[in-house]
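Here it is, the structure in full.
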Amino acid sequence: MGAGVQRRSAFAFIAIAIWLLAIVFVRPLSVDESQYVAATALTAKGLLPYRDYAYLQTPLQPFVFAPLQWLFAGHLLLATRLANALLALATSIFVYAAGRRLGASERAASAAALLLVSCQSFAWCAGVARNDLLPAALTSVGLWVIAGGRVPFVAGLALGLAASAKISYAVPAAIVFLAIAWSDRKQAFQFAAGVVVGLVPTAILAALAPRQFIAEAIVFPATAPAQYYTEIGKAWRLGPVRFLQLLQCAALGPALIAAIEVARPSREWFGDPARRAMLAAAAGGMISAALNEPFQIFYLMPALPPLFVLASLVLAERRPRWLSAVWALFAVAGLAPVAGWFVRAATVVPLIDAERRSSALAAALRAEGIAGPVATMAGQFVDNVDPRFAAGPFLYRARGFVSESQAREWQMVTRDQAGTLAAEPPAAIVTGTYPDSQPNQERELAEQARPLGYRPVADAAGFTIWARRP
């Protein structure tokens with residue numbers, strides 16, 4: 001019987017791996033991917049976040065992913081998506097292992113891992129080249145350590161590194177610290193020491209360029225979304241409606257029913273240090289998601305690993321059939337949007353199409369004799385992106401974010417501070433990358449190119465290449 005259950009668990013993770021790899025190819029491209037692919041490529045060339053190019057997150061991921069550029073130059077979007085799928089698989093495995101350590105049966109822990117990947121938020125993050133899965137995987141390692149009831153320093157290190165990869169993971173780390181300090185101040189100190197060590201990469205990069213770090217990783221995320229959504233007439237997304245969007249996101253998959261079920265025995269679990277820390281991590285993830293204005297689907301991600309570790313304990317209990325049916329219904333709801341990706345991919349597979357377009361653009365640039373840095377808002381398509389455009393459309397579309405002197409000193413171009421384009425012209429400018437999602441920014445970049453002597457010299461797979469001729 002035990003061997004049979006173990007085989008079913010192995011099959012469950014094989015199924016998860018196949019599912020995640022398939023999502024990599026069918027998930028539509030996201031405008032968000034530009035800055036993460038560009039940052040990885042630039043870091044692999046020896047440039048540093050904040051000091052040498054703008055990076056709007058805490059800085060760990062470009063360094064962890066830099067070897068992908070060395071190994072798969074020209075295919076970094078594909079490589080980053082595949083790496084994130086593997087990190088998603090690792091996250092599900094550590095959620096399973098943490099559940100087992102807390103006392104969940106193998107069947108319940110496997111079910112929790114399967115339900116985790118059926119959440120739309122998890123599938124969305126697993127399929128794109130963003131910075132969601134590295135901190136999620138690190139957090140799940142920390143939860144696994146906590147579930148073992150020992151080595152609080154290692155757990156703190158894992159959660160500190162997660163915060164160094166994405167700043168929103170600092171909230172769960174802080175609340176877990178409070179949960180540990182509730183009963184054992186010595187362990188809380190060890191945990192805090194681990195968190196501090198995990199934040200060292202961020203501290204080093206921040207010390208090298210403190211003003212840029214504060215502006216890019218802290219001020220920009222806090223202020224730029226409000227400016228952008230107000231400008232496009234969607235300021236309503238910044239208000240209380242974001243809490244409804246959070247609930248809707250949790251309901252697309254079993255996260256909502258898991259939270260309801262976990263809340264029921266939470267008071268009984270509070271006396272157990274490991275379960276209390278899991279509850280704190282889940283609560284911290286929810287608080288982090290609710291603080292963001294506007295809410296986006298990926299903001300739910302920090303809450304999911306600890307939530308489904310606890311869900312494995314709930315699933316281990318005997319339950320009425322109707323409740324199991326409710327879980328299944330929520331899981332199906334989470335799979336429905338993902339099924340839409342597969343349906344649309346029957347016509348065009350997004351990742352394969354992106355690879356084709358990237359190759360066509362590279363060939364056109366070579367044909368025009370362009371070998372230097374390329375200014376574009378879509379760094380995922382260009383292997384040699386101009387560092388001033390590393391942050392993709394997000395920094396470019398900002399107004400009033402930097403002064404003229406800051407734009408020169410910090411090596412960045414925004415639509416109202418494009419002076420360095422004339423002082424240091426890129427080898428080429430590529431537009432047409434976001435005709436649907438960022439049409440105004442595409443038009444403004446083209447308008448900035450003409451006075452500098454750039455003219456359209458080639459079209460490739462929907463891209464327009466602008467160059468200057470003697």
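The values are calculated or read from the model by the stated rules, or taken from the named source; none is laboratory data. Keep in mind the model is a prediction, meaning the values are calculated, not measured. Neighbour counts are summed over all protein chains in view; Cβ atoms, including those assigned to glycine, are modelled from backbone coordinates with ideal geometry.
Could you check segment 62-117 and list, in sequence order, the residues that are β-branched (Val, Ile, Thr) and under 16 Å from the mean Cα position of the chain (by Cα)? Don't jump to the end; show me each part of the working.
Applying the first criterion (β-branched (Val, Ile, Thr)) to segment 62-117 yields 64, 80, 91, 93, 95, 117.
Matches in segment 62-117: 64, 80, 91, 117.
Let me ask another. Determine, yes or no, whether residue 433 is assigned to a loop (DSSP other than H, G, I, E, B), in contact (Cβ under 8 Å) with a residue 12 or more places away in the chain and either of a type in the set (Ser, Thr, Tyr) or at positive phi (or both). Full working, then the answer.
Numbers: assigned to a loop (DSSP other than H, G, I, E, B): yes; in contact (Cβ under 8 Å) with a residue 12 or more places away in the chain: yes; either of a type in the set (Ser, Thr, Tyr) or at positive phi (or both): yes.
Answer is yes for this residue.
Another question about this same structure. Let me spell it out: the conditions are (1) part of a helix (DSSP H, G or I); (2) hydrophobic (A, V, I, L, M, F, W, C); (3) in contact (Cβ under 8 Å) with a residue 60 or more places away in the chain, and residue 343 meets all of them except one. Which number is the exception?
All conditions are met except number (3).
Could I ask something else about it? Run down 151, 197, 176, 241 and say which single residue is on the phi > 0 side of the Ramachandran plot, hydrophobic (A, V, I, L, M, F, W, C) and either outside the structural domain of residue 337 (by TED's automatic domain parsing) or out of contact with any Ser or Thr (no Cβ under 9 Å at 6 or more places or on another chain) (or both).
None of the others qualify; the one that does is 151.
Six or more apart or on different chains, Cβ under 7 Å: which pairs go from a residue in segment 34-45 that's over 18 Å from residue 396 (Cα atoms) to one that's part of a loop (DSSP other than H, G, I, E, B)? Could you list them?
If the second residue must be part of a loop (DSSP other than H, G, I, E, B), the pairs left are 41/383.
Suppose the filter is under 29 Å from residue 347 (Cα atoms) and modelled with pLDDT under 95; does residue 2 pass it?
Details: under 29 Å from residue 347 (Cα atoms): no; modelled with pLDDT under 95: yes.
In short, no.
Turning to a different aspect of this structure: Within segment 63-91, track down each residue that is in a helix (DSSP H, G or I) and not hydrophobic (A, V, I, L, M, F, W, C).
Correct list: 67, 69, 80, 81, 84, 91.
State whether one or more residues within segment 29-47 are surrounded by fewer than 19 Cβ atoms within 10 Å (Cβ to Cβ) and part of a helix (DSSP H, G or I).
No, because not a single residue in segment 29-47 is surrounded by fewer than 19 Cβ atoms within 10 Å (Cβ to Cβ) and part of a helix (DSSP H, G or I).
While we're looking at this one, here's another question. Could you please give the count of residues in segment 220-234 that are exposed (fewer than 14 other Cβ atoms within 10 Å of the Cβ), part of a helix (DSSP H, G or I) and of a type in the set (A, V, I, L, M)?
Of the residues in segment 220-234, 1 are exposed (fewer than 14 other Cβ atoms within 10 Å of the Cβ), part of a helix (DSSP H, G or I) and of a type in the set (A, V, I, L, M).
Take the conditions surrounded by fewer than 24 Cβ atoms within 10 Å (Cβ to Cβ) and free of Cβ contacts under 8 Å to residues at least 60 places away in the same chain and apply them to residue 151. Does it pass? So that I can check it myself, show each step before the final result.
Details: surrounded by fewer than 24 Cβ atoms within 10 Å (Cβ to Cβ): yes; free of Cβ contacts under 8 Å to residues at least 60 places away in the same chain: yes.
Judged against the criteria, residue 151 is a match.
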